[in-house]
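*Asks:* Mind having a look at this structure? Questions to follow.
The values are calculated or read from the model by the stated rules, or taken from the named source; none is laboratory data. Values in this document were obtained by computation on a predicted structure and should not be read as measured data. Cβ placement follows ideal geometry from the backbone for every residue including glycine, while neighbour counts extend to all protein chains displayed. All accessible areas refer to the heavy atoms of the entire protein, side chains included, with ligands and DNA or RNA removed. Shrake-Rupley method; radii C 1.70, N 1.55, O 1.52, S 1.80 Å.
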Amino acid sequence: QDSSPAAAAPTEASAPPLEDCLRLLRGERDEQKLAGLLIAANVCRAGDAAAVAQVYRAVGPRFLRRLLNTGLGKVEGGKEEEREAYLRLAVTVLAGLARAPEVAADAGVVSTVPIIAEVVSKSPDLTITEECFELLSLVAIASKDGTYKFCEPGVMDMLFSQISNFPDGSRCLELSTHLLQLLVHKLRADNMSVENLQGMASMVTSLAMLFGVLHTAVKFESLHMLATLLSQKESPLHDALRSMPSTIWKSHIRGGIIDVLQNRVVSSEKLQALLLAECMMSILGENWLSEDHKILDNKNAISVDKFVLLVLQSARVEVAVLLNELAFSKYESSKSSQTDDAIIQKQRNLAILFSLIERIIKMISDASSGEGEPSQTICEKTIMQVITGLNETISLVLDFLQDAKDHGQRKGDDLLAAVRIVGSYLAETPYACQEKTGHLLEFIFSIEGQDESSPFYSVRFMLPMLSQITTTADGCRTLVSFGGYKAVIDCLIKMTEENGMMIDDGSMFLACDTIINIMSNRKNYPIQMEPCFIRLLQALITWAGTTDASSVIMTASSLCTMVMELTSEEFLLSFSGFDPKTLGSLSDLIVRSLRQDIPDEDREQLNQKQIIASGKHSNLLILQKKRKKMRLSFDV
């Protein structure tokens, strides 16, 4: 008797009742089970979830897996010509059973995901491939375990390596893209095992290939999915991508970005491509943009220099458009029909572009100073073109801030983001756009983020520039002219407050350097003792009390010494909150600084030690410390 699936197939009209199907599925012989499966396919099509669950329990996952393996030629027995029929039957029945969510979520069905992926990679029959992707999508939807099964080693590679070969507009291409979208939105890299992270990384490489190679709608679908995956901040996936030995995925992404930016596509797609470029620089470092990766089989491949200029120019164009649109929506609101959501989206897009340009600033700074990676091949002419372009964009950003000042607007995350990029650029070229910056500096110090109750980040972002311009008398004069040094002091204090901002020591040093520069030049302008200086002393004592680092102790102590030159011990003690205990802590700090063993080559700390030792109040504080110790000895 012929037991092949083709010979046993009944028509729908003559299909036996469910009980007969279940009886056959529970039979001991394979021929009975095969006959039952052929009937089960019709039961599944009927869509009765309870009947489908009964069918699944009757046949069990073990026989279905064996049938799949037989179809793949991995199990001995079975005629060569029957294997495809077995494979088709197993996939069809599984896909039908998985339409019931409880079946799709069952561990037995979930366990077939790697085998189905192998079927996709090996079967030349697109109808079987279609059913495989339908089945896999149902499994991915049904349960978390089902979703994460795709991350097992080799599964992603087997599933998606063939996508680029599917005919454009085909059902296979549609279903495989849909499955990718499901996985991208359901998978979370947090708390994943190393093996599963490698599976997610394989999905990224598959998407990168689609983005770099295809020239259909799937290219843009892949772009969106890549942007979603890679824009997750501090994701463990980033480490997995950095550790991948192959670099071809980087080349594919570069090629895809070139395709999008060089061609006439809508602005939203160019923004996605620029977001992806920012993500790549965030994950792999700023030098990714200027690394010389060969783009295989890409007719639009361009040199590194042209790629850098293409990305920057595209970002600059989008920034100019967004700044203009945001200004119009803010200050011409009676004429604007844009919703709040639309404005918020524009602000987010602007923040992404600013972040990308900041990274380009960092890359160019490293290239100019010779600190870049050896793989960088960007030439001097390109560096100059980039700097010219950056100057023009920063000037536009300053115009945006001037517009805000003219309209009395000083609160908003878009304004704070504008200050940040200005600060990043001026940190590298502190005298660029000098006239505009000088006129706007006081206003910049007043800008607050949406969730800030008082200015902090706006001042912090400008600290690298301030620490440089205050090395000259003109720079100090500019800051003192509107009391800007008080904003710097306030920023420093907030960084040391308990449960406060606690920014890194780098920002603290920049703030201290700025105030030290001001104090060193105070003969040129009047600076008097004010309550902010009292709070500054307390903040410096707090900062130095948290570490044994000589750089912190010497910087804090030298600045305290300079502040003490403005006042007296009696005046300090007259302020509430500055009691003898605080004065004693200040004495301790001075003594600690003078006991520091400074290497001869550290000129900065040696100069600081000289400032401390020559301060007229330092010896008094040391004497006070000695008297206190003598009193304690006498009491004992």
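*Asks:* Which listed residue (LEU492, THR147, ASN196) has the Cα farthest towards the positive end of the charge dipole for the chain, taking +1 on Lys and Arg C-beta and -1 on Asp and Glu C-beta about the Cα centre?
*Replies:* LEU492
*Asks:* Strictly over 19 Å apart at the Cα level, which of LYS330/LYS486; LYS122/LYS219; LYS486/LYS609; LYS494/LYS581; LYS219/LYS250 would you flag in this model? The partial results should precede the final answer.
*Replies:* Numbers: LYS330/LYS486 31 Å; LYS122/LYS219 24 Å; LYS486/LYS609 25 Å; LYS494/LYS581 22 Å; LYS219/LYS250 16 Å.
Long pairs (Cα-Cα over 19 Å): LYS330/LYS486; LYS122/LYS219; LYS486/LYS609; LYS494/LYS581.
*Asks:* Please list GLU442, GLU234, GLU31 in order of solvent-accessible area, largest first, computed with a 1.4 Å probe with all protein chains present. Kindly include the intermediate steps, with their values, before the conclusion.
*Replies:* Values: GLU442 110, GLU234 175, GLU31 90 Å².
The residues order as GLU234, GLU442, GLU31, largest area first.
*Asks:* Here's a follow-up. Taking the Cα-to-Cβ direction at ASP168 and at GLN409 and moving 7 Å from each Cα, how far apart do the two end points lie in nm?
*Replies:* Roughly 4.3 nm, to one decimal.
*Asks:* Right, something else. List the trypsin sites (Lys or Arg not before Pro) within the range 512-600 that DSSP assigns to loop and that have no more than 14 neighbouring Cβ atoms inside 10 Å.
*Replies:* Numbers: sites: ARG522, LYS523, ARG535, LYS581, ARG592, ARG595; in loops: ARG595.
For trypsin sites (Lys or Arg not before Pro) across the range 512-600 that sit outside H, G, I, E and B with at most 14 neighbouring Cβ atoms in 10 Å, the list reads ARG595.
*Asks:* Below 14 angstrom from the Cβ of ALA273, what's the summed charge of the other residues (Lys, Arg +1; Asp, Glu -1)?
*Replies:* Details: positive: LYS219, ARG254, ARG264, LYS270; negative: GLU221, ASP259, GLU269, GLU278, GLU318.
Counting the neighbours of ALA273, the net charge comes to -1.
*Asks:* Here is a follow-up. Let's see if you can work this out: charge +1 on each Lys and Arg Cβ, -1 on each Asp and Glu Cβ, no other charges. What is the dipole magnitude of the chain about its Cα centre, in debye to the nearest 20?
*Replies:* Details: 62 positive and 80 negative charges, 251 e Å.
For the chain, the charge dipole is close to 1200 debye.
*Asks:* Let me ask something additional. Report the normalised scattering of the chain as log10 I(q)/I(0) at q = 0.08, 0.09 Å⁻¹, calculated by the Debye formula with identical scatterers on the alpha carbons.
*Replies:* Results for the chain at q = 0.08, 0.09 Å⁻¹ read -0.77, -0.87.
*Asks:* Treating only the Cβ atoms of Lys and Arg (+1) and Asp and Glu (-1) as charged, compute the dipole magnitude of the range 409-515 about its Cα centre; round to the nearest 20 debye. Don't skip to the answer; put the middle values down first.
*Replies:* Numbers: 8 positive and 15 negative charges, 67 e Å.
Here the size comes out at about 320 debye.
*Asks:* Report the calculated FRET efficiency for PHE482 and GLU380 (r = Cβ-Cβ distance, R0 = 25 Å), to the nearest 0.05. If you can, show how the numbers build up before the last one.
*Replies:* Numbers: r = 39 Å, r/R0 = 1.56.
Efficiency, from the Cβ-Cβ distance: 0.05.
*Asks:* Tell me the carbon and sulfur percent of the accessible area for the range 452-555, rounded to whole percent, probe radius 1.4 Å.
*Replies:* Here carbon and sulfur together make up 49 percent of the probe-accessible area.
*Asks:* Please name which of THR561, GLN385, LEU356 has its Cα lying farthest along the dipole of the chain towards the positive end, using unit charges on Cβ (Lys, Arg +1; Asp, Glu -1) and the Cα centre as origin.
*Replies:* THR561
*Asks:* Could you list which residues have their amide H under 5 Å from that of LYS411, counting only those 5 or more apart in sequence or on another chain, with H placed in the peptide plane?
*Replies:* Amide H neighbours of LYS411: GLU448.
*Asks:* I'd like to know which of LEU25, GLN162, VAL93 lies farthest towards the positive end of the charge dipole of the range 16-187, counting +1 on Cβ of Lys and Arg and -1 on Cβ of Asp and Glu.
*Replies:* In the range 16-187, that residue is LEU25.
*Asks:* Pop out the Kirkwood hydrodynamic radius of the range 555-620 from its pairwise C-alpha distances, inverse of mean 1/r, in Å to one decimal. It would help to have the intermediate numbers written out before the result.
*Replies:* Values: mean 1/r = 0.0804 Å⁻¹.
It works out to 12.4 Å.
*Asks:* Using 1/(1 + (r/R0)^6) with R0 = 51 angstrom and r between the beta carbons of GLU81 and ASP399, what's the FRET efficiency to the nearest 0.05? Intermediate values should be presented prior to the final figure.
*Replies:* On the way: r = 75 Å, r/R0 = 1.48.
Efficiency, from the Cβ-Cβ distance: 0.10.
*Asks:* Counting only heavy atoms of the protein chains, get the accessible area per residue of the range 16-187 (1.4 Å probe) and round it to a whole Å² value.
*Replies:* Working: 7350 Å² over 172 residues.
Counting only protein heavy atoms, the per-residue value for the range 16-187 is 43 Å².
*Asks:* Tell me the accessible surface of TYR331 in square angstrom (1.4 angstrom probe, heavy atoms of protein chains only), to the nearest ten.
*Replies:* Roughly 40 Å² of TYR331 is accessible to a 1.4 Å probe.
*Asks:* Carbon and sulfur: what percent of the range 128-263's accessible surface (1.4 Å probe)?
*Replies:* 50
*Asks:* A further question on this structure: Cα to Cα, under 13 Å, and not fewer than 8 places away if on the same chain: which aspartates and glutamates meet these conditions relative to LYS233?
*Replies:* Answer for LYS233, where 13 Å is the Cα cut-off: ASP190, GLU278, listed by chain and number.
*Asks:* So how strong a dipole does the range 147-242 carry about its Cα centre when Lys and Arg Cβ are +1 and Asp and Glu Cβ are -1, to the nearest 20 debye?
*Replies:* About 140 debye.
*Asks:* Cross-link partners among aspartates and glutamates for LYS306, C-alpha distance below 16 Å, same-chain residues fewer than 8 apart left out?
*Replies:* ASP259, GLU291, ASP292, GLU380
*Asks:* Also, quick follow-up: For the range 577-595 and the range 38-111, compute the distance between their C-alpha centroids and round to whole Å.
*Replies:* One Cα centre to the other: 79 Å.
*Asks:* Given a Förster distance of 51 Å, report the FRET efficiency between GLU234 and THR471 from their Cβ-Cβ distance, rounded to the nearest 0.05.
*Replies:* On the way: r = 36 Å, r/R0 = 0.70.
The formula returns an efficiency of 0.90 here.
*Asks:* OK, next. Arrange the peptides 131-138, 226-233 so that the one whose residues have, on average, the most other Cβ atoms within 10 Å appears first.
*Replies:* Values: 131-138: 24.4, 226-233: 18.1.
Peptide ranking by packing, descending: 131-138, 226-233.
*Asks:* What value does the range 49-178 have for Rg/Rh, both radii from Cα atoms and Rh as Kirkwood defines it?
*Replies:* Numbers: Rg = 14.0 Å, Rh = 14.7 Å.
Reported Rg/Rh (Cα atoms, Kirkwood Rh): 0.95.
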